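The values are calculated or read from the model by the stated rules, or taken from the named source; none is laboratory data. Please read all numbers here as calculations on a predicted model, not as lab measurements. FYI the Cβ positions are ideal-geometry reconstructions off the backbone, even for glycines, and counts take in every protein chain you see.
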Amino acid sequence: MKNFTDIYTESGTLADFTLGYGKLAGQLLVTSTVVDQQNSTNSWPSFAYSGATGTLVIGDHQMGLAGKIAIGTIGNSRQSILLDGSGAIEAGGNQLGNGKLSLKNLNDDPVVFLSAESCSLTVGCKSTFDKDNTAGQISVCNKEGVETAVLNGANGRLTLGGQGVDGDIIIKNDSDLETIKIFTANGDSAGGKISVCNGKGVKTAELNGLNGSLTLGGQGVNGDIVIKNDQDSEAFRIVSSGNITLGGPGVNGEIVLKNDNDIETIKITGSVGDIEFLNADLAEEFDVAPCALSEAVPGMVVVLDEEGRLVPCAQPYDSSVVGILAGAGSYRAGIVLDKRSAPGRRPVTLIGKAFCWVDAQRDPVRAGDLLTTSANPGYAMRAASHRRAAGAVVGKALRPLPCGTGLIPVLVKPN
């Protein structure tokens, strides 16, 4: 280069500044002056651009000089974008607007958008090209580069742990005490846990996945369960003293028990103080003679043998009659006394309604007739002789049986 015109040219509305020519790479250096401890003046490049590598370097770490790129408005020193060599990027502020950062894909769609105005980070987008829709995902890795937390916008799922790392959730209060803990299982024999602590950091509730248990209270704290209705009134409460309360101010408590056919069998109503047994009778279990177990079916009339065990009746007007075996037809025992669930025992209706096998081959049965034992094993018949029926009455027919044999409802009551 001989003079300034070798690197500077003007053409029309353009002014060109050219460094380098042929095999010579251009380089632009801007230096700053530094005075050292010996009061010597040294010049250091604070700005360098190399045409050989296409790199721009601002600042010098040896001199402790951090490079900066500031983009601002003309006429004042305020900048709307600042890239600081210390590792910071600032956008917005200085009364110039809210900062924004947008990263776009090849289709010019913003797939990452950070907004200071809404304090939001958006990852993913709906592309202008439907086939290029992008689901957002935020991944956090540990120091080994293993993903330990993933927030996936495709399925709205937060995944913690995996690849040899247990994922846990811990929530603290403003005193830095852990109040909620969610721990994952650790090993084949372990179960996940959710623990909730009080303001003192004491665990007061734990849901254990290993044994499917919920533990409330302990360590000086009483565990209670309270369920409220939509009016904020307590409808259900279990307290650690062992009491269960249903209902309360503005709420009537009620307990309903159903069988496996979804039919209500027992109802306790707090509004009127009633206990309703929705089956038909009160029964009590008795031992059945081994020889009669196969014949002792619900609805049969049974009597006592010489050893005090049940056998089907076999003679008319038998004063050793016990009653009707419960459970025939659509009636079931509402209450069973002395229940032992042994195979050699059967419930007998003591009071209430029960279906009974009745023989009307000789005498038709009308509704209201008294029934007694018959010679047909296990069957009742009409008590034609009230004198002979004394002490041998089975019950009162609630439905007629004009002829033959059949199963009819009978009212059983103490003689």
Within the range 315-398, which strands (runs of 3 or more DSSP E) (wholly inside it) include 1 or more residues that are farther than 30 Å from ASN261 by Cβ? 321-324, 345-359, 370-373, 380-382, 393-397
Just one listed residue, out of GLY404, GLY378, GLY395, is assigned by TED's automatic domain parsing to the domain that holds VAL311, touching a Phe, Trp or Tyr at 6+ places or on another chain (Cβ under 8 Å) and not hydrophobic (A, V, I, L, M, F, W, C), and it is GLY378
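Being over 21 Å from PHE236 (Cβ atoms) and touching a strand residue (DSSP E or B) at 6+ places or on another chain (Cβ under 8 Å) is the filter here; which residues of the range 249-264 pass it?
Within the range 249-264, just ASN259 meets the criteria.
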Residue set ALA296, ALA205, ALA235, ALA283; condition part of a loop (DSSP other than H, G, I, E, B), among the aliphatic types (A, V, I, L, M) and buried (at least 16 other Cβ atoms within 10 Å of the Cβ); output residue ALA296
Say we look at the range 387-411 and pick out the residues that are of a type in the set (A, V, I, L, M) and in contact with a Leu (Cβ under 7 Å, 6 or more places away or on another chain); which of these is farthest from GLN361 (Cα to Cα)? LEU411
Taking the criterion of being modelled with pLDDT of 75 or more, assigned to a strand (DSSP E or B), at positive phi and surrounded by 11 or more Cβ atoms within 10 Å (Cβ to Cβ), would at least one residue in the range 171-179 satisfy it? no
Name the residues in the range 82-111 that are modelled with pLDDT under 70, among the small types (Gly, Ala, Ser) and not in a loop (DSSP other than H, G, I, E, B), would you? ALA88, ALA91
Test SER175 against the criterion of being more than 20 Å from the chain's Cα centre (by Cα), in the same structural domain as GLY270 (by TED's automatic domain parsing) and not aromatic (Phe, Trp, Tyr), and give yes or no. no
